[in-house]
Structures are given as structure tokens and as C-alpha cells.
1. Given the options Asn272, Ala307, Ser152, identify the residue whose Cα lies farthest towards the positive end of the charge dipole of the chain (+1 on Cβ of Lys, Arg; -1 on Cβ of Asp, Glu).
2. Could you pull out which residues in region 338-371 have an amide N less than 16 Å from a spot 7 Å beyond the Cα of Ser324, following the Cα-Cβ vector?
3. What's the FRET efficiency of Leu129 with Phe220 using the Cβ-Cβ distance as r and R₀ = 25 Å, to the nearest 0.05?
4. Mind listing which chymotrypsin sites (Phe, Trp or Tyr not before Pro) in region 165-269 are in a DSSP loop and have 14 or fewer other Cβ atoms within 10 Å?
5. Of the candidates Thr164, Thr216, Thr255, which one comes out as most mobile in a Gaussian network treatment of the chain with C-alpha springs shorter than 10 Å?
6. State, in angstrom, two size descriptors of region 265-399 derived from its alpha carbons: Rg to one decimal place and Dmax to the nearest whole number.
7. Residue-wise, which Karplus ³J(HN,Hα) couplings in Hz belong to region 285-293, taking 6.51 cos²θ - 1.76 cosθ + 1.60, θ = phi - 60°, and x for glycine or proline?
8. Which net charge results when you count Lys and Arg as +1 and Asp and Glu as -1 among the other residues whose beta-carbon is under 12 Å from that of Arg213?
Amino acid sequence: MIEPNCKKIGVVFIHGFTGNTDTWINSRGERFSEMLLTEDQINKEFQFFEFDYYTQVIDVFKSAAVQNLKKLLNKIPFVSFDTKIQKNKPIRYLSNLLNTYLRTELDDFDEVILVAHSMGGLIAKDHILNYVPGEGPKPIGYISMAVPHKGSIGALLLAPTANTNAKEMQPLSEYSDGINSEWTERKDELPKCVYLIATYDECVPEVSSLPYRVKTSDKFTLNHDHTSICKPESKKDLSFKRVKKFLEEISYEKTMTSVASLEYSGDENNFNKEIFVIKLILSEIGEMGVADAKASFFHAEIISKAARRDDKEHLADLQIKVLSLYRQAYNSNRTKPADEIFNAVHKELRDQDEKLLACGVKYINFMHKGGLLHQLANKNDRTIIWDKDITDDSIRDMMS
């Protein structure tokens with residue numbers, strides 16, 4: 001069993017406008033993060049945090065004038081008021097607070113996933129767009145839960161309050177339009193994203209829940225309203241299932257990337273009894289060719305064993321294409337010495353690496369594709385051969 005990097009990934013929940021840490025608690029007092037931690041694999045690979053910040057519809061009661069008055073009243077015996085001055089701050093400023101939080105509380109983490117509700121999603125977007133590599137954990141995932149990417153109807157109703165954040169979240173506001181435009185322009189640079197839409201959301205309509213035309217695979221409409229979407233009542237709730245699934249996909253991708261990056265360190269006798277190696281030796285391919293074939297076979301084997309079903313299908317499809325390229329190159333060079341055929345086949349594979357052999361699975365590289373060829377060669381048949389004069393009997397004799 002190949003173990004991936006055991007360092008945990010941070011997951012930070014970010015509440016929305018007028019919210020707090022209670023945003024993530026359901027009617028039974030269960031926190032979203034606590035429900036996720038009951039899943040063994042998630043508990044093993046992730047650590048959860050909640051970013052809290054000040055947000056109120058009206059903040060006059062926390063203003064300096066009122067707080068100074070409370071300080072005077074505190075001089076009266078048995079009177080004690082909280083005199084901390086607070087006020088609503090622009091989303092860009094809240095993004096700076098999030099940046100400080102991540103660089104302090106998650107200083108030991110290399111990567112972070114941001115799970116954000118409503119305005120919290122705009123704070124997270126601002127942070128992601130302004131993230132500087134090396135300064136705090138790298139954002140590798142973003143879960144948007146009822147986020148007003150194109151503005152909120154509710155923000156229009158709060159216009160008379162002159163609330164800073166309500167102004168920013170109004171449809172077509174300068175801030176809302178600007179951050180969404182940049183998010184759209186840079187979508188190919190963004191971390192893995194998923195967008196959760198609440199069917200009965202009276203604050204954020206569906207058209208605003210998506211920043212641009214999102215792939216069907218990255219958006220989900222759930223049977224929730226604006227607040228219930230972040231308070232799943234049970235593990236059967238699709239809101240819980242989608243977040244769980246997202247974390248599992250991140251975990252799988254990290255595992256496979258770790259597996260794919262393993263170095264082949266076998267000694268010169270490794271795989272010597274494998275049929276693909278015997279074919280190479282009998283064909284007098286040469287030590288370097290045999291060594292490269294062993295390494296690529298090793299990488300293809302560990303990837304094939306660790307891959308989940310859908311990725312195994314990608315590998316099977318690639319193997320068919322690899323076989324087709326082998327046959328074309330072999331037939332074009334069959335009169336040449338075996339080592340020249342070997343080199344011609346691998347040259348064709350390299351030339352087609354980003355063309356016919358292009359693969360959407362990020363962790364699969366050229367080494368694995370070459371290994372798929374040698375997996376096919378690892379049978380006592382003539383599917384993959386390098387010298388037409390090599391017989392099944394000669395292979396069996398060398399195996400014995």
C-alpha cells in the first residue's frame with residue numbers, strides 16, 4: 001500500500017453577511033465540521049477551522065461615540081458594558097483579515113480549502129485572487145454556498161441602512177462587478193471550485209449563484225433556502241454529501257499526485273523475470289532501454305492499482321491509443337533492427353504525448369503512458385514485440 005503525504009489539509013468555513021459561527025450549526029446543535037469529522041478518511045486527512053468576523057446590519061451601537069459613552073457609564077457601580085469599538089468593513093478589508101488568519105492559525109499548513117456561505121464567498125474569492133504564493137497556505141479548493149457572485153436582491157432592500165457590505169453586494173455594484181469579472185477572466189488559474197445553489201433562496205437568485213457559465217459537473221441545485229444550505233440536518237442531506245464528496249475528490253487527487261511522483265528505485269534485477277523485460281533482453285534493446293522500460297512499467301503499475309474506476313477507464317482508453325501508435329510505428333520500421341524499432345515507437349509516443357495521448361487526468365504523465373505499452377508487452381504473445389524472430393518458446397525458456 002502506498003501512503004500519500006500525511007500532512008493534513010486545512011478547511012476553513014467562512015460565514016456570510018450578519019452571520020457568525022452559529023451559521024454552521026443545525027437544529028440539533030451539530031456543527032457542519034463536526035459532522036464531517038465523523039467520516040474516518042476526512043478526519044484523517046483534514047483539519048477544520050471557522051473564520052469569524054464582525055458583521056451587522058446596523059453598527060452604530062459599536063461606534064466610537066456610543067462606546068465612549070459606555071465607558072463613562074461603566075464608572076457607575078455594578079454597571080459593566082462591552083466597550084470594544086467595531087464597525088462593518090469593506091469586503092477587501094475582510095479579505096485582509098482572512099489572509100492574516102490563514103497565515104497565523106494555519107501557518108503549519110501548505111494548503112487550504114475555503115467553504116464559504118453568502119458574502120463569505122466574496123471574501124474567499126478576494127483572498128484567492130490576491131493570494132501570493134508562499135504567503136500562507138495555498139488555496140486548492142473553493143466551495144461556494146449561495147454566494148451572490150453577481151449581487152444580491154436582499155442587498156437592495158438594505159440600501160437605506162447605508163451598510164458598507166450591502167452596497168458592495170448590490171447587483172452591478174462596482175465591487176461586485178469588478179471581482180466577478182476578474183474571477184471569470186482568471187477561471188483557468190483558480191483552484192478546484194464547486195457551486196451550491198439554494199432552490200428557495202430569496203436573497204441570491206440562481207443567476208447570481210454562479211459567476212459565469214459553469215460546467216454542469218461543478219454546480220448543484222439543492223433543496224434548501226439561503227440559510228439552511230449550510231446547516232445540514234443529517235448525513236443524508238445533499239448539502240453535506242456534496243461538501244463531503246468535494247473533500248474526498250481533493251484527497252484522491254492528492255493521493256494520486258503523490259503516487260505519480262514516486263521515484264523508481266529498483267535494482268538492476270527488478271522485473272527481470274517479467275515477460276516484457278525478457279522480450280527486451282532477447283531483442284538486444286540495450287541496458288538503457290531496459291532500465292527505462294522497467295521504470296515506466298513500475299509507474300504504470302502503481303497508478304493502475306491505485307486509480308479509482310473512472311480513472312481506470314481513462315487508462316484503458318489511453319492504452320488502446322498507445323497500442324495503435326505502437327502498431328503504426330512498428331509496421332513503418334519492421335525491417336529495421338529491434339533497437340531502432342524500440343526508439344521509433346517511443347519517439348512516436350513522445351510526439352503524441354500532448355496530442356492523441358492528451359489526458360484530462362492531471363497526474364498521468366508520459367512515463368505512465370510508456371508504462372501502459374510495457375504492460376501490454378507483459379504477456380507471452382505477440383501483441384507487443386520488438387524482434388519478429390523472437391518466439392514464444394524462447395521467452396518460456398528464458399523464464400524457466
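Each value in this text was obtained by applying a stated rule to the coordinates, not by laboratory testing. What you see is a predicted model, and the numbers here were worked out from it, not measured in a lab. Note: ideal-geometry Cβ built from the backbone for every residue, glycine included; neighbour counts use all protein chains shown.
1. Ser152
2. 348-360
3. 0.60
4. On the way: sites: Tyr175, Trp183, Tyr195, Tyr200, Tyr212, Phe220, Phe240, Phe246, Tyr252, Tyr264; in loops: Tyr200, Tyr212, Tyr264.
Counting only loop positions with at most 14 other Cβ atoms within 10 Å, the chymotrypsin sites (Phe, Trp or Tyr not before Pro) in region 165-269 are Tyr200, Tyr212.
5. Ranking Thr164, Thr216, Thr255 by mean-square fluctuation puts Thr216 first.
6. Every Cα atom of region 265-399 included, Rg and Dmax give 14.3, 42 Å.
7. Coupling constants for region 285-293: 5, x, 4, 5, x, 5, 4, 5, 5 Hz.
8. Working: positive: Lys187, Lys215, Lys219; negative: Asp218.
Here the charged neighbours net out to +2.
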